[in-house]
Every structure is written in C-alpha cells, then in structure tokens.
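Scroll down for the structure; my scribbles are underneath it.
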Number of protein chains: 2
Amino acid sequence: MTPGALMRAEIGEQPAVLASAVADCKEAREVGALLRRRPPRFVLLAARGTSDHAALYAKYLLEVGLGVPSGLASPSTLTVYDAHPDLRDVLLVAVSQSGGSPDLVETARRAQSCGARVLAVTNAPGSELAAVDLHVDVNAGPERAVAATKTYSAELLALWLVVETWRGGDVRRAEAVAVEAAQHLERAGEIEALAGHLAGTDRLVVTARGYSYATAREAALKLMETTYVSAHAFSGADLMHGPIAMVSRDLPVLAIAPAGAGARALAPVLASLRERAAELVVLGGSAFRAAGEPGYTLREVDEDLSPISDIVPLQLLALKTAVARGLDPDRPGGLRKVTRTW
Amino acid sequence: MTPGALMRAEIGEQPAVLASAVADCKEAREVGALLRRRPPRFVLLAARGTSDHAALYAKYLLEVGLGVPSGLASPSTLTVYDAHPDLRDVLLVAVSQSGGSPDLVETARRAQSCGARVLAVTNAPGSELAAVDLHVDVNAGPERAVAATKTYSAELLALWLVVETWRGGDVRRAEAVAVEAAQHLERAGEIEALAGHLAGTDRLVVTARGYSYATAREAALKLMETTYVSAHAFSGADLMHGPIAMVSRDLPVLAIAPAGAGARALAPVLASLRERAAELVVLGGSAFRAAGEPGYTLREVDEDLSPISDIVPLQLLALKTAVARGLDPDRPGGLRKVTRTW
C-alpha cells in the first residue's frame, strides 16, 4: 500500500463527515439545550493527546462565546493523587476518540462522584466513557490510521454544535466548514510544495493565538507523530517569553493566522520574527502573509469555526512531509491507536 | 565577566531566599487565612513563561491539597476576544515576577470587573499588578539575569505558603526546601558531568507526572532560553499519546521523578522508554534510577514541596549545558527581562 494511504483516505473523508454532522446534529443540540436550561458555573475539560487540543478549542468557545469560565483538568489529580474536589455546579467535558482511555474513564467517574455532571464526546457510543452521563457521538466512522485526523475535526465540530446551541446561536453557520475542508483537499498540490520546503528540518516551532492555538498544538503533534520532527507549539505570547531565543535559520516557524482577532494579536509576533530573519511559514489570511514568504492562504471563515477546517491543510502537511522524508505515517514508531495511561 | 555569572549568582541565592520566605511569611499567611474564611468555588490561574509553571504547580496544590477545582486561564479570551465570563465565586491568581506584563494586568482588571477576587503573586510590590487586589510579595530581591531562577522557586514557595495556610496545614514543613536547595548547590559537580553528557544534543524531551510536571516544563524552558536546544516537555501520559514515536537515540529524554505518587505513575513510561532503548536521564528518587544510566539522585522531600528544590539542579543543568556549548546564558538571543505581550 502507498505510504500514508490510510491517513490520506481519512483526511479525505472530512468534508462528508463534517457535512453530515451539521445536517444531523440532534444529539449535540439536545445536550446544548439541556445545558442552556441548567447551565453549570464552571467547565473542566479532560482529554489526552489529539483530543486535548479539541478540549483547548472548547475552552475558547466556552469563555468567549458563553462567558463560562473553564479550565483544562489535570486527570492525574483525581487518578494519581486521589483528590476529592468539590465539583457541584461543574460540568466535566471528557473528549476521547475511543472513549476507552482508562484514566479518562476513571476521571469521569470520579468527577461524577464529586458532584459534577459529565459530558463525554467520543467516536465510540458503546464505550465506557459514553455510558457515564451525557454523551455526544462525533459520528466520524471507524478511524483506522494511527494519526487521528477526521475524529479531531469531528470532535471540534461536535463541541461547537453543543456550545452554539447552548448560547442560542445558529448551528447552520457550521455548514461552511465542510465546504472549506473540501476546498483544502483540492489544493493539496500547494501543500506538497510546502512539505518539500520543510522536509529537511529536524525541528520547528508552530505558533498561533486565540482559537488557532489549538490548531497550532494539533499541527505540532501531527508532525511529531508522523515525521518525528521536534515540532514545538507555543502561543504567540508565550513564544516571546523565552523560547524565541532559540529561533534561528535552522529552526523554522510555522504560524497559523486565519483572519480574526487571534491573528491580529499575533501580528506583532510575526513582525518580531521577520525582524530576526527567522524562517517563517504562514498559513493564514492574506493580510498576514508577506510577499516572497512560503506559506498557504486561508480563506476567511468565522473565526470560532476556522479551527475545524484549518487543520485539514496541516494534516496534509504532516502526511506529505513524512512521505517526503521517506516515512510511512501509517506505521509510526511504537504508537498504538488506544493509549492506556493511568 | 564569566559567562553565566549573573545567573549562577542568583541560582546560589535560593537557599537564603527560601529560608527567609518561610521565616517571614506573614503576608502569605494573611492571604491564606482570608481564603480559609471565605474560600472561592473555583480558581483561575493566569501567568506567562516561567511564572506559568508556578501557576501549574499551584493547580496541583489547590486540587490535591484543598479540593478546589482550578484551571489555567487563557488571558487572550479576556484581552483579545473581550469575553465577559461570570467570575463570581472565582479567585484569579496572577503570577508574574515583574508584575508589569500588560496582558496580565489587563486580565486581572478584567477578571475583577467580572466579579472575581484577584490574588497577585509578584516580586514587585510596587507594580501595577500588585495594586489590583490581594498581593503576596515573593521577596526574592532584584533579579537581573534574563533567565528567571530565584523568582521561580520563590513564587512556588509563596503559593505553597498561601495554600498550606488556607488548608490549615503546617507552614514549617517548608523549612526543608532551603536545606535541599543548599545541598543541590554543593553537588554542582555532578550536574557538570550531566551537562557534558547533554551538550551535544540539539533537542530533547523532558517528562514527569503530577507535581513534577511543572518542574519538567520549567526545566525545558530554562534549557531553551539558555542553550537554544529544542527542549520539549510532556506529561508522562501525553508522551505516550503520540510524541513517543519521535523518541530515539538522537533525542534524549530527561525524566523528573522525585519519590512520590507522580513518579510511581511515571514508572511505566520509564519502563517503555528503557524498552525502546531511549537515551534516558533520570533526575529522581533512587528507586526510579537504573544502574548504569546517567542521572542524578534526588533525596526524599514531601512531594508537594519537592518542585521548589528540585528545580535547582535543573537550573544548574541549563546553565552548565549552555556554557559547555560555548554560550553565555546571561546574554540569550533577543530576550528582554520584561516581555510585553497583549
């Protein structure tokens, strides 16, 4: 089989998965409506790996779109240290493709016993996690590639649909993301060129601000999993607090800057990087790209939705960079599909 | 001046800074007592760079030691996206050496206007942040080196003293950390040998679980700032979810494993790494080190306190690795002491 064929096929399923999730989002809307009637005071988000980046995205949706303070849970406080926090008025959102990671299942159960309501977002309605309390199935179909792709964008969309209903918004706004995902797939040739550009590096930095920070984190993880490059994600603000010292010609920076407030806040960071003559690659709105710089132009999408489609060219970039390095992203060293951590 | 002389001097001040902070902790105890009388339901922690790792440490103290759910704030939701979350019953803890980072000052003010109480932990009692509401001065004296060292351990201790008082514990337990810090300084020769071992690598992974995850993150940042190595911190659980694919002979792993529940949870990760013949360096309790492996033995300290002294050998490691690479950690590329991000 062609190296990465499995990953490529699942990346390609995203327009259909996203379109059908918007068309048939009864479950997400029911959960959203329930939360609208009985909103929690705080939300804790628990996840690992790729799903942790979906959780990070949800944090922005909750705080910016709904004004509900939220935080990423440290599962180990419950599972390793046996903490008993007071979780009344708290919603714990557990995000997991498989619904089977033992520490997440345990975290969800423990949170429930401490008074929290639990919402599980999984691609596995029959899983242990799905059975804990509220559940939204992301309905992405079986994912066989080790590197999660379609379940990531489907998790983002499911979380968006819940929050959009909760805030009384218009879920049809999400119809745009399937269209954008399809358009990115048609532009795979542009990504191929960028992959050639990055194939020779052993380390790079990925940066963004706001909603797109989740995209930067997920892009970095996808690159690490498939190409073994040390890809390090920083929010634009944190990059300026120290790590920028290591940025130089041999450490390219990939910036994610779709049109919106996040990219406007990132603009001074991009200016600093250009001033330092860093090797900068921008995937972003045309206003944030510079003439002569390698990159990829993102068309304008509502900023809260853009991470759902923006990840597609970055998944392709990871895949194509891996192949350009002679690797098979369907056979990464030592990874299993379901990681069992305690 | 000797390269790194400033950083070395400030690392060396830590036993005195820590001892005097425990001896004279009136301010931290007053704040802790006030929080004990009127506890918040939820804590949000806001910080950048090194101080963000102090915030991460505080999250474990709050959840494990006090059972108060807490989360790391994303300052950009308030400052970039103009969110108005409902922050009644919330304590926002802002941690900043300088107390002057504009986005933190703005976050603190905005949080207050949304109903939160604000506790600022700074090394600058005259700063804007210190004036917002409650304040604890970490009293580390002026820090002139660009790489923060003594203000980090002093921030951890100040946060520990507040939480320990809040939970009705015994603040004298912290007397041990100054003793341990001094002991690490005496063992600088052992660190010199490790630095020689790591000086040739351009990238490495730092890992830990639980309380020590903050130590891993701070060690990675210190290495990046001073040696320009791509040092990437992962919780042991997250490392197994993907990034372990890139671990190999040319990507050493530095594990932080002081005696305690965190290291016991990390043990299976260490076993996996050894199985993969990764180049592993363990700074940890003797039970977690393997014969013939390079490393450094940490004496047993109460686990909730150990991050305060464990960082000292890692600061020395960053300093000595930088010097071994011919760099001057007092003159890192392009960093300023106060980073102004919005």
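The values are calculated or read from the model by the stated rules, or taken from the named source; none is laboratory data. These numbers were taken from a predicted model, which means no experiment stands behind them. FYI the Cβ positions are ideal-geometry reconstructions off the backbone, even for glycines, and counts take in every protein chain you see. To get the accessible areas, we keep the full protein, side chains included, count just its heavy atoms, and leave off ligands, DNA and RNA. Shrake-Rupley method; radii C 1.70, N 1.55, O 1.52, S 1.80 Å.
For the chain pair A and B, the interface hides roughly 5400 square angstrom of accessible area in total, found with a 1.4 Å probe. Pair-distance distribution of the range A:47-176: all C-alpha pairs, bin width 5 Å, starting at 0; shares per bin in whole percent are 2, 11, 21, 24, 21, 13, 6, 2, 0. Placing +1 on each Lys and Arg Cβ and -1 on each Asp and Glu Cβ, with no other charges, gives the range A:21-64 a dipole about its Cα centre of roughly 240 debye.
Just so you know, the Rg over Rh for the range B:157-221 is 1.09, from Cα atoms, with Rh as the Kirkwood radius. When both the range B:276-293 and the range A:157-194 are represented by their alpha-carbon centers, they are found 45 Å apart. Residue of chain A with the smallest Cβ distance to the axis mapping A onto B, distance rounded to whole Å: A:71, 1. Based on alpha carbons, the Rg and Dmax found for the range B:1-78 are 16.4, 51 Å. A helix-only calculation puts the protein assembly as shown at -14000 deg cm²/dmol for mean residue ellipticity at 222 nm, using -39500 (n - 2.57) for each DSSP H run of at least four residues, averaged over all residues. The shape of the range B:52-95 comes out oblate: with a ≥ b ≥ c from the C-alpha gyration tensor, a/c is at least 1.5 while a/b does not beat b/c. Computed about its Cα centre, the charge dipole of the protein assembly as shown is approximately 340 debye, with only Lys, Arg, Asp and Glu carrying charge at their Cβ.
Rolling a 1.4 Å probe over the heavy atoms of the protein chains gives the range A:227-284 an accessible area of 25 Å² per residue. Considering only alpha-carbon pairs that sit under 8 angstrom and 6 or more positions apart, the relative contact order computed for the range B:1-71 is 25 percent. Computed over the alpha-carbon pairs of the range B:171-275, the distance histogram in 5 Å steps reads 2, 12, 19, 22, 22, 14, 6, 3, 1 percent, short to long. All C-alpha to C-alpha distances of the range A:216-313, sorted into 5 Å bins beginning at zero, yield P(r) values of 3, 13, 24, 27, 21, 11, 2 percent in whole numbers. In nanometres and ascending order, the distances from the residue A:16 label point to those of the other copies are 7.1 (point 7 Å from Cα along Cα→Cβ). Of the solvent-accessible surface of the range B:118-171, computed with a 1.4 Å probe and all protein chains present, 46% belongs to carbon and sulfur. More than 38 Å apart: what percent of Cα pairs in the protein assembly as shown qualify? Everything past 38 Å amounts to 28 percent.
Computed on the range A:80-133, the Cα convex hull volume stands at 60 Å³ per residue. For chain B, a simple Cβ point-charge model (Lys and Arg +1, Asp and Glu -1, everything else neutral) yields a dipole of about 340 debye relative to the Cα centre.
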